[in-house]
Structure formats: C-alpha cells, structure tokens
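Step one of this worksheet: look at the structure below.
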Amino acid sequence: MFSLKDIIDIAVQIEQNGERVYRRAAGKIEDPSLCSLLQWLADEEVKHMEWFKALKDNIADTGEHPEEAKFGRDLLQNAVGSQSFALEDADFSTMDHIQDLINLVMEFENDTVLFYKMLQPLIEDQKTLEQLHAVIQEEENHAQCLKKVLSES
C-alpha cells in the first residue's frame with residue numbers, strides 16, 4: 001500500500017519540522033543555555049534528515065501501480081499528519097515557563113521515537129536497521145537531555 005520511500009519521506013518531514021521549530025524557538029529564548037540546547041537539537045535533526053535522505057537514495061523502486069502508490073502516500077500522510085510531529089502551530093512567545101517549552105519538545109521527541117520504532121519491522125537490511133536504531137537512540141538521548149534540563153529548572 002505504501003512504500004518504505006513514502007515512510008522515509010515522512011521521517012524527513014518530521015526531522016525538518018523539528019529543526020525549523022527548534023531554531024525558531026532558540027531565536028525567542030533569552031536563556032543562553034536553553035538556546036544552546038535548542039540549537040544542538042536542531043543540528044541533530046539535520047543529521048537525521050540527511051541520514052534518511054541517503055537511505056531513501058539506496059532503496060530500489062518497487063514498481064507499484066501509480067494509483068496505489070498515491071493512495072498509500074496519501075493514507076500515510078493523513079495518518080501521521082494529525083500527530084504532534086508538525087510543531088509549526090506552537091506559539092513559543094506565549095509559553096510562560098521554560099517547563100512548557102521543554103514539555104512540548106519532549107513530546108515531539110517521544111512521538112518521533114514511536115514513529116521510528118514503527119519503521120523497524122519494515123526494514124529488512126540489518127545494517128540499515130542498526131543505523132535506524134542509532135537514530136532512535138539519539139532521539140531518546142535528546143528526551144533524556146530535556147528531562148535533565150527540566151529537573152534543573
């Protein structure tokens with residue numbers, strides 16, 4: 001119904017959303033250490049986006065029927081589109097506390113991990129699976145860093 005390339009396109013979109021939101025938030029935050037953390041998270045999202053793009057380039061086309069492929073892409077986009085992956089609606093200027101920002105970012109990171117874990121059964125190549133696991137571990141580490149900042153604030 002949908003291809004691994006379609007799923008990777010969604011993963012790239014998720015990483016792009018994260019990068020854009022983290023950079024926008026960093027521009028609105030006065031705390032230098034939190035701004036630095038958000039910039040680091042944005043840079044990490046860029047690395048993940050590049051990894052997914054390279055992965056997509058190495059996947060062979062399945063020769064799906066064009067209408068079925070479009071239906072699958074649309075279905076996947078609609079299913080994921082309602083998740084909190086799209087953080088563009090977040091208004092960082094209205095967040096009164098650092099905790100609000102960190103909680104929002106942690107939710108994004110955790111949702112991202114869940115999506116990537118959903119990808120695991122769809123990947124047959126062991127090396128690719130190991131690389132995806134490394135990306136998942138990085139996303140989980142991001143959430144841990146955010147929890148630490150939250151506990152210190």
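Return a yes/no flag: does segment 40-50 have any residue that is of a type outside the set (S, T, N, Q), in contact with a Cys (Cβ under 9 Å, 6 or more places away or on another chain) and either at pLDDT 70 or above or surrounded by 14 or more Cβ atoms within 10 Å (Cβ to Cβ) (or both). Break it down into steps so the answer makes sense when it comes.
Step one: of segment 40-50, the residues of a type outside the set (S, T, N, Q) are 40-50.
With in contact with a Cys (Cβ under 9 Å, 6 or more places away or on another chain) added as a condition, the list becomes 40-41.
Adding the requirement that they be either at pLDDT 70 or above or surrounded by 14 or more Cβ atoms within 10 Å (Cβ to Cβ) (or both) leaves 40-41.
Taking every residue of segment 40-50 in turn, at least one turns out to be of a type outside the set (S, T, N, Q), in contact with a Cys (Cβ under 9 Å, 6 or more places away or on another chain) and either at pLDDT 70 or above or surrounded by 14 or more Cβ atoms within 10 Å (Cβ to Cβ) (or both).
Go through segment 1-46 and report how many residues are basic (Lys, Arg) and over 29 Å from His97 (Cα atoms).
So the answer is 1.
State whether one or more residues within segment 113-120 are farther than 29 Å from Ala26 by Cα and modelled with pLDDT of 80 or more.
The answer is yes; a qualifying residue exists.
Any residue in segment 101-118 that's closer than 16 Å to Gln13 by Cβ and in a helix (DSSP H, G or I): show its pairings with residues that are of a type in the set (Phe, Trp, Tyr) and at pLDDT 85 or above at Cβ separation under 7 Å, as long as the two are six or more apart or on different chains.
none
Restricting attention to segment 79-98, does a residue exist that is in contact with a Ser or Thr (Cβ under 8 Å, 6 or more places away or on another chain), assigned to a helix (DSSP H, G or I), aliphatic (A, V, I, L, M) and modelled with pLDDT of 65 or more?
yes
Against the definition (surrounded by fewer than 22 Cβ atoms within 10 Å (Cβ to Cβ), hydrophobic (A, V, I, L, M, F, W, C), in a helix (DSSP H, G or I) and in contact (Cβ under 8 Å) with a residue 24 or more places away in the chain), how does Val21 come out, yes or no?
No, not satisfied.
What are the pairs, 6+ residues apart or on separate chains, where a residue within segment 126-150 that is touching a residue at least 24 places away in the same chain (Cβ under 8 Å) and under 14 Å from Gly18 (Cβ atoms) has its Cβ under 8 Å from a residue that is surrounded by 12 or more Cβ atoms within 10 Å (Cβ to Cβ) and among the polar types (S, T, N, Q)?
Matching pairs, first to second residue: Glu139/Thr112; Ala143/Asn110.
The values are calculated or read from the model by the stated rules, or taken from the named source; none is laboratory data. Given the structure is predicted, the values throughout are model-derived calculations rather than measurements. Note: ideal-geometry Cβ built from the backbone for every residue, glycine included; neighbour counts use all protein chains shown.
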